[in-house]
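Some notes on the structure that comes next.
The values are calculated or read from the model by the stated rules, or taken from the named source; none is laboratory data. Keep in mind it's a predicted model, so treat the numbers as computed, not measured. Cβ atoms come from the backbone with ideal geometry, glycine included; neighbour counts cover every protein chain shown. Ligands, DNA and RNA are excluded from the accessible area calculation, which covers all protein heavy atoms including side chains. Shrake-Rupley method; radii C 1.70, N 1.55, O 1.52, S 1.80 Å.
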Amino acid sequence: MADQDIALVAHLMRRAGFGASRDEIEAKAAQGYDNVVQELLNPKGGVDDDILMRYNPAYYEPGAIEVNTQLWVYKMINNPNQLQEKVALFWHMIFCAGHSKIDSGQEMGIMVNMFREHGMGSFRDLLVRLSTNPGMMYYLDNTESHKANLNENYGRELLELFSLGVGMDEAFNYSEDDVKVCARAFTGWNVAPSYPPFPHGRSPWVFRFDPADHDDSEKTFLGETGPWNGDDIIDIICKQPGTARFLARHMYNFFVADEPQIPAWRLTPPRDIEAIKILEQAYFDSNYSIKAMLEAMFTSDFFKDESVRYQKVKNPAEMVVSLLRMVGEHKEIKPGLFELSQEPKYMGQDLMNPPTVEGWHTGREWIDSGTLVERINFAAELLGNTELEGVQGLVSRLMARGDSLTPEQFVDGCLDMTGPVQVTSDTHAQLVAHASQEGDLSHGSDDERATFTRRTGEMFQMIAATAEFQFE
């Protein structure tokens, strides 16, 4: 099997999933790249929820936010349909709502499950589901918007952050009047009264439409006039070139390479305008299908090009979950997952609780002096633990490369096993210099195997501490 096939499939699994063990990467490379793409785009089966609930009854209608984040991290690790979980994270980072206001872990879990189940379908249908999701309606105050007392919050964020974006090609995509009309169209979209949370606990929210509270007067929105309601507004939004551009840039930023932060998009051209045009065309040709856009992206030359590999800073969820998948941890239900599910929060990404509706700033803004220490320590602790099954498997693969390895062969092998990770010539020279201090590596005797294993764990830890390891 060619090294370039391994590298390409590893790249795909990092972007369309949360990485993979070396065994899984090689198995998928043997399937062929195009077959793996189709497998990702057409999920079957999934995590057995019955077994999850048998071992952890708290997963049944989980109420606490910590239980919901723990359950999601478990699925990120173990769902064979990796793209489902990656797409759920993609939408969670765009359609931002947080537990800090909603105060219901169950509602946050319901929202993430909506992204998981419908995130690769029609963008139009997804916006309708979002606009009728009780958690989002409460988070952005549509529950407080009435025919006689308008609240513009949801209407504004639907246009600015969820669909059109402020503008493209230095022009604006909508006006303040459009925001007001959008808000008027969504009056009457509300949440059915829930029982008080005390003394018997919270009841799930459900969507309710109140025709008496809906503004059914004539409205002009983005140049079209009629007695529009929320469904009509979404139909008009989905037809806009700005919506295709907004989605295309988000996909490129999340799956391909880091772009400037979203507020700069109106004035800052895309990094690869031809790639953006391919995604825009797929959006319109497929009647707004997210799956079609993903397929166009993963099968494109711009996605496969080596120039975009390691051009994305791993977000904290990607950092944590990809490492757990690499070393084979928590493939089964066992204690310890709660603590691990909190790790993204310490690295700056509090899952199900973004800092604002704008979400997290991505790219290099994930890294500061505090979060970098957390990231390095977490990675080094896992990769340096040679008692873990996955790490032992990587050590065995290194040993299989020859009876004796020079320091340079050893470093190259370690970089290959943990990625393959691409490092600069300076970083490579420093890693080789460190490995050279103890000379060549052999594994003919028990003592030599023990030394080989120790040195491999140490080298993995050094790789984890490099700047290059922060990228994917």
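Pairing the Cα long axis of helix 3-16 with the longest principal axis of the chain, what angle in degrees results, from 0 to 90 and rounded to the nearest 10? It is inclined by approximately 30 degrees. Taking square-rooted eigenvalues a ≥ b ≥ c of the alpha carbon gyration tensor, is the range 104-202 rounded, prolate or oblate, where a/c under 1.5 means rounded and, failing that, a/b exceeding b/c means prolate? Taking the square roots of the gyration eigenvalues as a ≥ b ≥ c, the range 104-202 is oblate.
Seen against the Cα atoms of the chain and their longest principal axis, helix 176-185 is set at about 80 degrees. For the range 273-287 and the range 292-310, what is the separation of their Cα centres, given in Å? Taking the Cα centre of each part, the range 273-287 and the range 292-310 sit 13 Å apart.
Sum -39500 (n - 2.57) across every DSSP H segment of at least 4 residues in the chain, then divide by the residue count to get the 222 nm mean residue ellipticity, nearest 500.
Details: 25 runs with 248 residues, N = 472.
Roughly -15500 deg cm²/dmol at 222 nm, from the helical runs in the chain.
Summing Lys and Arg as +1 and Asp and Glu as -1 over all other residues whose Cβ lies under 15 Å from the Cβ of Glu295 gives a net charge of -1. Taking the structure as given and computing P(r) over Cα pairs in 20 Å bins from 0, in percent, which label from (1) 25, 59, 16, 0; (2) 22, 52, 24, 2; (3) 23, 52, 21, 4, 0 fits? So the structure-derived entry is (3). Relative contact order of the range 94-148, taken over Cα pairs closer than 8 Å and 6 or more residues apart, is 41 percent.
Starting from the Cα gyration tensor of the range 21-178, take the square roots of the eigenvalues, sort them a ≥ b ≥ c, and report rounded, prolate or oblate (rounded when a/c is under 1.5, otherwise prolate if a/b is larger than b/c, else oblate).
Details: a/c = 2.99, a/b = 1.43, b/c = 2.08.
The shape class here is oblate.
Between Ser217 and Asp23, the contour length at 0.36 nm per residue exceeds the Cα-Cα span by 63.7 nm. Spin-label pair Gln31-Asn149: with each label point 7 Å from Cα along the Cα-Cβ axis, the two points sit 5.4 nm from one another.
For the range 114-172, just say rounded, prolate or oblate: build the C-alpha gyration tensor, square-root its eigenvalues into a ≥ b ≥ c, call rounded for a/c under 1.5, and beyond that prolate if a/b exceeds b/c, oblate if not. Verdict is oblate for the range 114-172.
Can you flag which of Lys304/Lys345; Lys291/Lys312; Lys28/Lys277; Lys44/Lys277; Lys75/Lys314 are past 20 Å Cα-Cα? Correct reply: Lys304/Lys345; Lys291/Lys312; Lys28/Lys277; Lys44/Lys277.
All other residues with a Cβ under 13 Å from the Cβ of Asp23 taken together, and with Lys, Arg as +1 and Asp, Glu as -1, what is their net charge? Spell out each step's value before the answer.
Working: positive: Arg22, Lys28, Arg325, Lys331, Arg397; negative: Glu24, Glu26, Glu389.
Surrounding charge for Asp23 is +2.
Per atom type, the chain shows carbon and sulfur on 49% of its accessible surface, probed at 1.4 Å.
Taking the Cβ-Cβ separation of Ile51 and Thr225 as r and a Förster radius of 41 Å, what is the calculated FRET efficiency to the nearest 0.05? Plugging the Cβ-Cβ distance into 1/(1 + (r/R0)^6) gives 0.15. Could you work out how far helix 425-436 tilts from the main Cα principal axis of the chain, as a 0 to 90 degree angle to the nearest 10? That helix lies at roughly 40 degrees to the long axis.
Potential lengthening of the chain between Ala64 and Lys101 amounts to 11.9 nm, from the contour at 0.36 nm per residue minus the alpha-carbon distance.
Which net charge results when you count Lys and Arg as +1 and Asp and Glu as -1 among the other residues whose beta-carbon is under 11 Å from that of Gly135? Kindly include the intermediate steps, with their values, before the conclusion.
Details: positive: Lys101; negative: Asp103, Glu107.
My count for the surroundings of Gly135 gives -1.
Each of Phe186, Gly121, Val206 was placed along the dipole of the chain (beta-carbon charges, centred on the mean Cα), and the one lying farthest toward the positive end is Val206. Measuring nothing but how far apart in sequence close Cα pairs (under 8 Å, 6+ apart) lie, relative to its length, the chain scores a relative contact order of 17 percent. Peptides 207-216, 119-128, 75-84 ranked from most to least packed give 75-84, 119-128, 207-216, packing being the mean of other C-beta atoms within 10 angstrom over each peptide's residues. Model label sites at Ser425 and Ser300, defined 7 Å from Cα along the beta-carbon direction, differ in position by 3.2 nm. Sorting 281-289, 182-190, 224-232 by their mean Cβ neighbour count within 10 Å, with the most densely packed peptide first, gives 182-190, 281-289, 224-232. Computed FRET efficiency, Cβ-Cβ of Glu468 and Ser436, R0 22 Å: what is it to the nearest 0.05? The calculated FRET efficiency here is 0.65.
Each peptide in 108-118, 303-313, 365-375 gets a packing score, the mean of other Cβ atoms within 10 Å over its residues, and the list from highest to lowest is 108-118, 303-313, 365-375.
On a per residue basis, the range 238-313 carries 39 Å² of accessible surface, using protein heavy atoms and a 1.4 Å probe. Per residue, the accessible area of the range 1-118 comes to 38 Å², computed with a 1.4 Å probe over protein heavy atoms only. Over the range 2-80, Cα pairs under 8 Å with separation of 6+ residues give a relative contact order of 25 percent. Here Thr406 sits with roughly 50 square angstrom of accessible surface, probe radius 1.4 Å.
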